[in-house]
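Read the structure below first, then the notes.
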Amino acid sequence: MLLALGGAVPCDVAMPRVGLAADDTAKDAAREIEQARTRYATEVSHLADWCREKNLVAESRKTRDLVRRPEPFQVVVPVLPRDANSLRVPEGVRADVAEWYRRALKLRSERAAALYGLAQRAVRRHQPALAYSLAFEAIRADPDHEGARRVFGYQKYQNQWRTPYEISMLQSGMIWRDKFGWISKQNSPR
């Protein structure tokens, strides 16, 4: 079984198409992805320009980094935050920096939603590798995107992202300790 965006699909259903139809499907998918990347790059560029106008040099650089692609032979493994709603405007920042955060977070959230939509279309087109790749990009754009988290086996539980196994352990009264692994609360060193 292959995990599809929204459920399991038998392998024979997810097999790639052969021939001309497959080429057209791949071209359509590539065109949609490139259009989405171009739109996002334009929006990011506008936000970076706004930052420069406000003399927010560091924020302008961080904004431009949102569209930087990794090196072709570089493996990118994002460290996903455990806490849900981890992307938020920090308290105590200047008003213009807070505005930048709001705008950047909105862009990232919209980007994740667009990528996830493309991933769902890739599943319908029988392109599971592309679907996973797009879901991975979505979760990098917004670690709190619920659909993308679900693809990788996460669920919200007590305002944190957990796997089903972690949830069952927590519900059964177990706690995680780096030194010991899963142990019962009463056996936890004080």
Give just the number: which of (1) touching a helix residue (DSSP H, G or I) at 6+ places or on another chain (Cβ under 8 Å); (2) surrounded by fewer than 13 Cβ atoms within 10 Å (Cβ to Cβ); (3) of a type in the set (Ser, Thr, Tyr) does residue 42 not satisfy? (1)
Please work out which one of (1) surrounded by 14 or more Cβ atoms within 10 Å (Cβ to Cβ); (2) at pLDDT below 95; (3) more than 19 Å from residue 47 (Cβ to Cβ) is the condition residue 116 fails and give its number. (2)
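Do you know which of the residues in segment 120-156 that are in a loop (DSSP other than H, G, I, E, B), out of contact with any helix residue (DSSP H, G or I) (no Cβ under 6 Å at 6 or more places or on another chain) and not aromatic (Phe, Trp, Tyr) is farthest from residue 101 (Cα to Cα)? Don't jump to the end; show me each part of the working.
Of the residues in segment 120-156, the ones in a loop (DSSP other than H, G, I, E, B) are 125-127, 142-145, 152-154.
Those still in the list that are out of contact with any helix residue (DSSP H, G or I) (no Cβ under 6 Å at 6 or more places or on another chain) too: 126-127, 143-144, 152-154.
Keeping just the survivors that are not aromatic (Phe, Trp, Tyr) gives 126-127, 143-144, 153.
Details: 126: 37, 127: 35, 143: 15, 144: 16, 153: 28 Å.
Going through the qualifying residues, I end up with 126.
Is segment 45-62 home to any residue that is more than 27 Å from residue 161 (Cα to Cα) and of a type in the set (Phe, Trp, Tyr)?
Yes.
Going by what's in this entry, would residue 78 be described as surrounded by fewer than 13 Cβ atoms within 10 Å (Cβ to Cβ), in contact (Cβ under 8 Å) with a residue 60 or more places away in the chain and under 19 Å from the mean Cα position of the chain (by Cα)? Explain how you work it out, then say what you get.
Values: surrounded by fewer than 13 Cβ atoms within 10 Å (Cβ to Cβ): yes; in contact (Cβ under 8 Å) with a residue 60 or more places away in the chain: yes; under 19 Å from the mean Cα position of the chain (by Cα): yes.
So residue 78 passes the test.
The values are calculated or read from the model by the stated rules, or taken from the named source; none is laboratory data. As the structure is a prediction and not an experimental result, all values here were calculated from the model. As a convention, Cβ positions derive from the backbone with ideal geometry for all residues, glycine included, and neighbour counts pool all protein chains shown.
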